[in-house]
1. Please work out if residue 26 is among the polar types (S, T, N, Q) and modelled with pLDDT of 80 or more.
2. Name every residue in segment 1-39 that is closer than 30 Å to residue 64 by Cβ and not polar (S, T, N, Q), in order of residue number.
3. Mind listing just one residue for me: the one in segment 45-59 that is under 26 Å from the mean Cα position of the chain (by Cα) and open to solvent by less than 100 Å² (accessible area, probe 1.4 Å) and, of those, modelled with the highest pLDDT?
Amino acid sequence: MVHDKKLNELKESIRNLNQMSSEEKSNLINSIEMLWLNASVKKKKKDINLNLNTNENILRIRQLLAAAWSEDLKE
């Protein structure tokens, strides 16, 4: 009976560690994606034409947000 209790505690501990590992993996993937998006935006800053009118700026921001949300939904 004591042996079964210890075995169950060990199983539960392994499940908890597995769950924490999965959560950490997900957090790392999200961080890497954010770093990638940030690097991509910084790289493209050189390509941004500041002489665009306000409506074109708003359209570009919407396009960037849509692209980022699209990446989030792929998961």
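The values are calculated or read from the model by the stated rules, or taken from the named source; none is laboratory data. Just so it is clear, the structure is predicted and the values come from calculations on it, not from any experiment. With ideal geometry, Cβ positions are generated from the backbone for all residues, glycine too; neighbour counts draw on all protein chains shown. The area values use the complete protein model at the heavy-atom level, side chains included, leaving out ligands, DNA and RNA. Shrake-Rupley method; radii C 1.70, N 1.55, O 1.52, S 1.80 Å.
1. Working: among the polar types (S, T, N, Q): yes; modelled with pLDDT of 80 or more: yes.
It is true that residue 26 is among the polar types (S, T, N, Q) and modelled with pLDDT of 80 or more.
2. Listed by number, the residues that qualify are 23, 24, 25, 28, 29, 32, 33, 34, 35, 36, 37, 39.
3. Here is the first cut: in segment 45-59, the residues under 26 Å from the mean Cα position of the chain (by Cα) are 45-48, 57-59.
Those still in the list that are open to solvent by less than 100 Å² (accessible area, probe 1.4 Å) too: 48, 57-59.
Values: 48: 56, 57: 73, 58: 77, 59: 80.
Here the answer is 59.
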